[in-house]
């Protein structure tokens, strides 16, 4: 029996939140920034359960997965203004759509070459959604396609993190390869808008504001209303399996057509992130370390092939479309790693004009990736 038993709800809740608090603390350290909060939470909670401190399963875990994940989706998508993305992202939008398409093709190719076990199509769709959007889409797609095995879930997330490192190494090597530089000449690389390493202001995805309880409560209320309407619509259509997709779609409708309501909401992204981190801690708790290690290797191989195809297609089609190499690199980064890493890369290289477009197309990835991931699962599973 574990030290904290499944029916000790308050003690178990305290343990989970201590792990989450540690995850946030770790992310404030340089080593934690390198690993990322989700991976740290998975590792710590998995260690806690495998060492017999917390249980592998508990009623609390099901409640968290069933309530906090759907609530997090609207909170994280309320700033996905699609009109702004399409109007202001410029040529970066074309490069991003190419990157997303290249990820899809890469996933389909990798799925034919690597067998990831009984949940092959579900894992492929979930990884694809993560490599077009981010962790939000990973969680939403995994929920939508029915990945319930915690060991498979953690193995997929761990492989996702390893794959991100492999991708980043490949991406950083591209500008150093002569034929790629010749195939896609860039007005930024080598001259840019500032010297490499020069101080560059990176606009935040959202300016920090003081926490206001009323505005945060508005966000929680709006999230619950969206979830309630989505649940009712799913029941009406007899489409409970598509509940997460309906939540995502309705969240985007609200974000783009109910802006006066959205403007009354603050701190929604922080709340959504907190909910996701609690969920990651719960998922890690349910994983068996030996099963995770066994399942992760084929998923890493899948991701490596997917990323290779992704980058090769970017070079080939980017040359045909006469795209700028720097814009392709930032769009690819926004697609695979998300808006914040894309902005950081553009800033570090002195490509100031590409910072804001990188953030915008990364937000588009959040908006579309879950739908793409579910579609990939359906195609491979048919």
Residue count, the stretch 256-267, condition crowded, with 21+ Cβ neighbours inside 10 Å and touching a residue at least 60 places away in the same chain (Cβ under 8 Å), comes to 1
Among the numbered conditions (1) closer than 27 Å to residue 282 by Cα; (2) surrounded by fewer than 21 Cβ atoms within 10 Å (Cβ to Cβ), tell me where residue 129 comes up short.
-> (2)
Return yes when residue 42 is in a helix (DSSP H, G or I), within 20 Å of the chain's Cα centre (by Cα) and more than 23 Å from residue 291 (Cα to Cα) and no when it is not.
-> no
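Of 356, 342, 346, which residue is more than 14 Å from residue 103 (Cβ to Cβ), in a helix (DSSP H, G or I) and out of contact with any helix residue (DSSP H, G or I) (no Cβ under 6 Å at 6 or more places or on another chain)? Break it down into steps so the answer makes sense when it comes.
Values: 342 fails: out of contact with any helix residue (DSSP H, G or I) (no Cβ under 6 Å at 6 or more places or on another chain); 346 fails: out of contact with any helix residue (DSSP H, G or I) (no Cβ under 6 Å at 6 or more places or on another chain).
Of 356, 342, 346, the one residue that is more than 14 Å from residue 103 (Cβ to Cβ), in a helix (DSSP H, G or I) and out of contact with any helix residue (DSSP H, G or I) (no Cβ under 6 Å at 6 or more places or on another chain) is 356.
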So which residues in the stretch 1-35 are outside any helix (DSSP H, G or I) and farther than 18 Å from residue 286 by Cβ, if there are any at all?
-> 28, 29
Take residue 204 and decide whether it is under 27 Å from residue 37 (Cβ atoms), at pLDDT below 90 and either in contact with a helix residue (DSSP H, G or I) (Cβ under 6 Å, 6 or more places away or on another chain) or surrounded by 16 or more Cβ atoms within 10 Å (Cβ to Cβ) (or both).
-> no
What are the residues in the stretch 220-251 that are surrounded by 19 or more Cβ atoms within 10 Å (Cβ to Cβ) and at pLDDT 90 or above, if any?
-> 222, 223, 226, 227, 230, 246, 247, 250, 251
Kindly list, by first and then second residue, each pair from a residue in the stretch 174-194 that is surrounded by 16 or more Cβ atoms within 10 Å (Cβ to Cβ) to a residue that is in a loop (DSSP other than H, G, I, E, B) and at pLDDT 90 or above, limited to pairs with Cβ atoms under 6 Å and residues at least 6 apart or on different chains.
-> 184/323; 186/324
Does residue 149 satisfy being modelled with pLDDT under 90, over 23 Å from residue 100 (Cα atoms) and loosely packed, with under 11 Cβ neighbours inside 10 Å?
-> no
Kindly indicate whether residue 92 is under 24 Å from residue 329 (Cβ atoms) and surrounded by 17 or more Cβ atoms within 10 Å (Cβ to Cβ).
-> yes
Could you give me the residue pairs with C-beta distances under 9 Å whose first residue belongs to the stretch 21-47 and is on the phi > 0 side of the Ramachandran plot and at pLDDT 90 or above, whose second residue is surrounded by fewer than 18 Cβ atoms within 10 Å (Cβ to Cβ) and not in a helix (DSSP H, G or I) wherever it lies, and which are 6+ apart or on separate chains?
-> none
So which helices (runs of 4 or more DSSP H) are wholly in the stretch 49-134 and hold at least 1 residues that are at pLDDT 95 or above?
-> 91-113, 120-130
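The values are calculated or read from the model by the stated rules, or taken from the named source; none is laboratory data. Bear in mind the structure is a predicted one, so any value in this text is a computation, not a measurement. Because the Cβ atoms are built from the backbone with ideal geometry, glycine has one as well, and the counts that use them run over all protein chains shown.
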